[in-house]
Amino acid sequence: MNPPPKRISMEGLDLLCARRSAGAPMPAYVGPLRRHVAEGDRRLLRLEYDASPAALRLWSFLLTEEERLHAAHAAGAKIVGAMKDLGTVPVMAYALPNVVAFYPDGAWWTPCVMELSDGLFCIAQSLGFGESFCPVRAMLGAFVNRAHFPIPDILICSAGAVCDDFSAIAQRVESLGHPILWWEMPHRRRPEPDEPAVELPGGFSAPASQAAFVRSELERVRAALEGLAGAPLGDAELAAGIAEANRVRRLLADLRRLAYTAEACPMPALEMLIAEMLAIHFCSDRAESIRVLADLLEEVRRRVKEKVGIVAKDAARVFWVNPVADLRVMNLLEDSGGRLAGTEFLFSHALDPIPEDLPPMEALARMALADPMAGPSADRAARIVRDARAFGAEAVLVSRIPGASHCALEGAVIARVVREELAIPVVEIEVPPVADPMMPTLRSQLEALVETVQERRKR
Ligand code: SF4
């Protein structure tokens, strides 16, 4: 039996990379993380990583995304900047040949990864978007300084039932000379008792009229993508694209089920966050994202079979709500005696399988409507309760995002519903993009949560 895996420093992961370089061939993008530090990604020095080739591949894949996008652009591929919907438009875009889609929203993490040396928040501030806005304001800076992603050939953004922060910032992007194709997402409501309704992926339902409306909006997106690619995006192509997206989602479903339910936690929280993010736009390479996730799943399966974990078996089982602006805080969970037992990172609709027994546009419309941010907070809380119960979570942690318009009250709604339904402890923390000054406080909050779980076990 192999020794239990431990988290390692970046130097440790780079050593593992050097050893692998001498052995079996690796994809060309896999390499030492220090090359990214040299480019300014200084936060990498402060993180701890899973000690596996699969994790090395995952990190290399994530950190080479901008290179990949620039190379695709230079090679003549059409670049789609999908904005806000988190999971729908890329499924359509990747169904076309020679089209690559990504989310400029991903600049959300750049100030963290570059420890604020990127200057993106300063640019956003100069354009009127200061600290009262969510970290997604970094996207504005990236459109201005053009030092990160290539400017997309088309921008497609959902409007309507989306957060105020994103609407305002995307409008400002457009005002800077980047035209946007807006498509409307209605606020999802529960169907009236006698109203025709449809079931959505993930278990919600919605009026059939809302699904029909979203379908008509996505038809406009389909026409725009066809115009961009100069190729038809028929139902057959869409169905094939949905099937490929579902391969990613199935891999993630297996990975999450094993990682969040195994007695010995087989994969750190940080790598699970990165893995889940691949569902949104496949990190700009759908085929490779499948291979990266398959590798990670194989590693997790092996550890589960051998009953080895990355933390003690009695670690408190914590369900995590919302992504953290500072990735280092994911390490803190395990440092405090906890482990992940489920997540809701704002994009559960990008994880649920897309129905393959419906006409493709209807299936995509229903998936888009299932977005947890498009409906009432009570729906989101109900989903969190259901998933936390299924994963056997012993506590729920709500990670507030500074400035995020939905975070001011939503955490309280989620906490109340979780306490009523599950009677388990809930804690709210707030995590800025570089949380170093707050680490002692955050650690105390996490340790207190873990202690509460341990006390409850004695009852
Ligand atoms: S984190 Fe929240 S406020 Fe920020 S863009 Fe996403 S949904 Fe909007």
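For (1) at pLDDT 95 or above; (2) part of a helix (DSSP H, G or I); (3) open to solvent by 10 Å² or more (accessible area, probe 1.4 Å); (4) closer than 21 Å to D314 by Cα, each residue gets a yes or a no:
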residue: L233; (1), (2), (3), (4): yes, no, no, no
residue: A236; (1), (2), (3), (4): yes, yes, yes, no
residue: A240; (1), (2), (3), (4): yes, yes, yes, no
residue: E244; (1), (2), (3), (4): yes, yes, yes, no
residue: R247; (1), (2), (3), (4): yes, yes, yes, no
residue: D254; (1), (2), (3), (4): yes, yes, yes, no
residue: A259; (1), (2), (3), (4): yes, yes, no, yes
residue: M272; (1), (2), (3), (4): yes, yes, no, yes
residue: E276; (1), (2), (3), (4): yes, yes, no, no
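Pick out the one residue from V198, V248 that is in contact with a Pro (Cβ under 9 Å, 6 or more places away or on another chain) and of a type in the set (V, I, T). After applying the criteria, what remains is V198. Pairs linking a residue in region 345-364 that is within 13 Å of L200 (Cβ to Cβ) to a residue that is within 16 Å of the ligand (Cβ to nearest atom) and open to solvent by 10 Å² or more (accessible area, probe 1.4 Å), with Cβ atoms under 6 Å and 6 or more positions apart or on different chains, are H349/D371. Return the residue satisfying two criteria in turn: it lies in region 147-158 and is open to solvent by 10 Å² or more (accessible area, probe 1.4 Å) and under 23 Å from V214 (Cβ atoms), and of such residues it is nearest to the ligand (Cβ to nearest atom). For region 147-158, the residue satisfying everything is P152. Select from region 430-458 the residues that are in contact with a Ser or Thr (Cβ under 6 Å, 6 or more places away or on another chain) and aliphatic (A, V, I, L, M) and write down the one among them that is modelled with the lowest pLDDT. So, considering only residues that are in contact with a Ser or Thr (Cβ under 6 Å, 6 or more places away or on another chain) and aliphatic (A, V, I, L, M), the one modelled with the lowest pLDDT is V431. For region 159-176, filtering for residues that are hydroxyl-bearing (S, T, Y) and within 12 Å of M83 (Cα to Cα) leaves 1.
Just give me the residues in region 337-357 being within 15 Å of Q445 (Cα to Cα) and open to solvent by less than 10 Å² (accessible area, probe 1.4 Å), in sequence order. Correct list: G338, R339. Just a yes or no: is a residue in region 301-311 without any contact (Cβ under 8 Å) to a residue 12 or more places away in the chain and surrounded by fewer than 24 Cβ atoms within 10 Å (Cβ to Cβ)? Among the residues of region 301-311, at least one is without any contact (Cβ under 8 Å) to a residue 12 or more places away in the chain and surrounded by fewer than 24 Cβ atoms within 10 Å (Cβ to Cβ), which makes the answer yes. In region 441-455, the residues that are free of Cβ contacts under 8 Å to residues at least 60 places away in the same chain form Cβ pairs under 8 Å with partners that are of a type outside the set (D, E) and open to solvent by less than 60 Å² (accessible area, probe 1.4 Å), at six or more places apart or across chains, as follows: Q445/V427; Q445/I429; A448/V427; T452/A395; T452/P425. For region 362-374, taking the residues that are open to solvent by 10 Å² or more (accessible area, probe 1.4 Å) and out of contact with any Pro (no Cβ under 7 Å at 6 or more places or on another chain), the one that is modelled with the lowest pLDDT is identified as M373.
With I290, I280 as the choices, which residue is open to solvent by 10 Å² or more (accessible area, probe 1.4 Å) and under 23 Å from D326 (Cα atoms)?
Details: I290 fails: under 23 Å from D326 (Cα atoms).
Only one candidate passes the filter, namely I280.
Taking region 407-429 as the range and being surrounded by fewer than 19 Cβ atoms within 10 Å (Cβ to Cβ) and part of a strand (DSSP E or B) as the test, the residues that pass are V427, E428. Scanning region 83-120 for residues that are farther than 16 Å from E131 by Cα, within 15 Å of the ligand (Cβ to nearest atom) and aromatic (F, W, Y) turns up just one, Y103. Here E420 clears all of (1) within 16 Å of the ligand (Cβ to nearest atom); (2) free of Cβ contacts under 8 Å to residues at least 24 places away in the same chain except the condition numbered (1). Considering only residues in region 364-406 that are part of a helix (DSSP H, G or I) and closer than 23 Å to W108 by Cα, the one that is farthest from the ligand (Cβ to nearest atom) turns out to be A368. Among the listed residues G76, G130, which satisfies the condition of being surrounded by fewer than 19 Cβ atoms within 10 Å (Cβ to Cβ) and within 15 Å of the ligand (Cβ to nearest atom)? Unique residue meeting the criteria: G130.
Pairing residues of region 239-257 that are closer than 15 Å to S289 by Cβ with residues that are in a helix (DSSP H, G or I) and open to solvent by 30 Å² or more (accessible area, probe 1.4 Å), at Cβ distances under 7 Å and at least 6 apart in sequence or on separate chains, gives E244/R286; L251/A294.
Listed here are the residues, each with its yes/no results for (1) more than 30 Å from H36 (Cα to Cα); (2) open to solvent by less than 30 Å² (accessible area, probe 1.4 Å); (3) away from the ligand (no atom under 16 Å from the Cβ).
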position	(1), (2), (3)
I123	no, no, yes
A142	no, yes, no
N145	no, no, yes
G160	yes, no, no
I169	no, yes, no
S175	yes, no, yes
P179	yes, no, yes
M185	yes, yes, no
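Does S399 qualify as being surrounded by 20 or more Cβ atoms within 10 Å (Cβ to Cβ) and among the hydroxyl-bearing types (S, T, Y)? Yes; evaluated as a whole, the condition is true for this residue.
The values are calculated or read from the model by the stated rules, or taken from the named source; none is laboratory data. This one's a predicted model, so the numbers in the text were calculated from it and none came from an experiment. Ideal geometry is used to build each Cβ from the backbone, glycine not excepted, and the neighbour counts take in all protein chains shown. These accessible areas exclude ligands, DNA and RNA; they are computed on the full protein's heavy atoms, side chains included. Shrake-Rupley method; radii C 1.70, N 1.55, O 1.52, S 1.80 Å.
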